[in-house]
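The next block holds one structure in the form of structure tokens; read it before the comments.
No value in this document is a laboratory result; all are computed from the given coordinates. Everything numeric here is computed off the predicted structure, so don't read it as measured data. Cβ atoms come from the backbone with ideal geometry, glycine included; neighbour counts cover every protein chain shown.
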């Protein structure tokens, strides 16, 4: 069986790319297709596979400014040739499911999120975009939404990374989706014997993550906050930060792992579709203080593995931190880590194998049913044979004629 993995873009190693790595473990001989590819910023596991990028790769500056090429992405995806593949797994957050699958291939889409900038976060993205983008988005977005919905019909089975995303798939595509939580390498994290006096924010520094809430709140409280990550918000965040805020930029995994294990708690003020960072921190035995929406409702247990607050505001976050500190000793590292174990890579692979096998079997059964339906049935023809009478022996050519039905092929 020839397998293709289609990922929106391979320019860094975040949650979506961790899913691609797990799929590579599932299918070591699979080929990978993507819109743009930066070999220097992906893992060795991904680089071992044959990676094919789209024509966007040849556009100057595309690897760095790929998101500005969104209007061209439908053409780029449909230009990828997947002829001869039996199983296609698309990893969708940016556009990926829009490839044209061969007629006999099974196409399974693992959806991290319908494109946020076209759907539920459209107005937020437009309000924070540059002048040219604000002008163009109302013109281009309806066309891209229509293409996005139409290409959902090219998918045989949707898998969502959370119930939150499953609901959005149903809302925008009118398709059901099976929920399989993304893989988290919980075994890579461990409980530290000591903790330090700081809180942690980690992730891409972009507007919808709402790291600005954490920076403002912790500046106001005078509490120590360490921010790990890079993105277009970095300069603005530094401008509003007080002396208790430390920015580490893009830190190596060893530093990230240490900070996760030694922080008092992770601050998670954005709405995420799932949110891998909170699970990694819980695998380190540390609690989460999160905005109670999206994936956090499925990973964080209020009062046991963290604190959930109901409003994206500085005051709500400050109150959540104060509530946490009033009962900090009640959060047990071993219990928090045990909770995180359910989101392991092993659980992901087991569930994916089961769903893929089920879909392949359903396709095979459907093919057999189709063959049985269209196969020619025996034609009934009439032949005459003599019928023996009581006073003569049965012999062909004698007696009265009778109709005998016999199949003819």
Practice problem: Arrange the following residues from fewest to most other Cβ atoms within 10 Å of their Cβ: 215, 301. | Solution: 301, 215
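Using helices alone, I'd like the mean residue ellipticity at 222 nm for the chain: each DSSP H run of four-plus residues gives -39500 (n - 2.57), total over residue count, nearest 500.
Numbers: 14 runs with 152 residues, N = 409.
Calculated from helices alone, the mean residue ellipticity at 222 nm is -11000 deg cm²/dmol.
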Quiz item: At what distance in nm do the modelled label points of residue 58 and residue 354 sit from each other, each positioned 7 Å from its Cα along Cα→Cβ?
Solution: 4.6
Quiz item: Could you give the angle, 0 to 90 degrees to the nearest 10, between helix 163-173's Cα long axis and the longest principal axis of the Cα atoms of the chain?
Solution: 60
Quiz item: Where a ≥ b ≥ c are the square roots of the eigenvalues of the C-alpha gyration tensor, would you call the stretch 186-343 rounded, which needs a/c under 1.5, or, failing that, prolate if a/b is larger than b/c, or oblate?
Solution: rounded
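How high is the relative contact order of the chain, in percent, with contacts defined as C-alpha pairs under 8 Å that are six or more residues apart? List each step's numbers first, then the result.
Details: 751 pairs, mean separation 46.4, N = 409.
In percent, rounded to a whole number, it is 11.
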Quiz item: Using alpha-carbon positions, what is the distance between the centroids of the stretch 128-151 and the stretch 22-93, in Å?
Solution: 22
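Can you put 1, 13 in order of Cβ neighbours within 10 angstrom, beginning with the fewest?
Details: 1 10, 13 15.
In order of increasing Cβ crowding within 10 Å: 1, 13.
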Exercise. Would you please classify the overall shape of the stretch 22-103 from the alpha carbon gyration tensor, given that a ≥ b ≥ c denote the square roots of the eigenvalues, rounded means a/c under 1.5, and beyond that prolate means a/b larger than b/c while oblate covers the rest?
Key: oblate
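Subtracting the Cα-Cα distance from 0.36 nm times the residue separation, let me have the gained length for residue 68 to residue 258 in nm, one decimal. If you can, show how the numbers build up before the last one.
On the way: separation 190, 0.36 × 190 = 68.40 nm, distance 3.51 nm.
Value of the extension gain: 64.9 nm.
Could you compute the FRET efficiency for residue 171 and residue 236, with r as their C-beta to C-beta distance and R0 at 22 Å, rounded to 0.05? Mind dumping the intermediate values first?
On the way: r = 32 Å, r/R0 = 1.45.
About 0.10, to the nearest 0.05.
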Practice problem: Take 345, 151, 246 and order them by how many other Cβ atoms sit within 10 Å, fewest up front. | Solution: 246, 345, 151
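When a/c reaches 1.5 or more, the comparison of a/b and b/c decides; with that in mind, is the stretch 172-250 rounded, prolate or oblate per its Cα gyration tensor? Please report the intermediate quantities before stating the final value.
Numbers: a/c = 2.54, a/b = 1.39, b/c = 1.83.
Oblate.
Once the piece of chain linking residue 126 and residue 298 is laid out straight, how much longer is it, given 0.36 nm per residue of separation minus the C-alpha distance between them?
Details: separation 172, 0.36 × 172 = 61.92 nm, distance 2.86 nm.
Difference between extended and current length: 59.1 nm.
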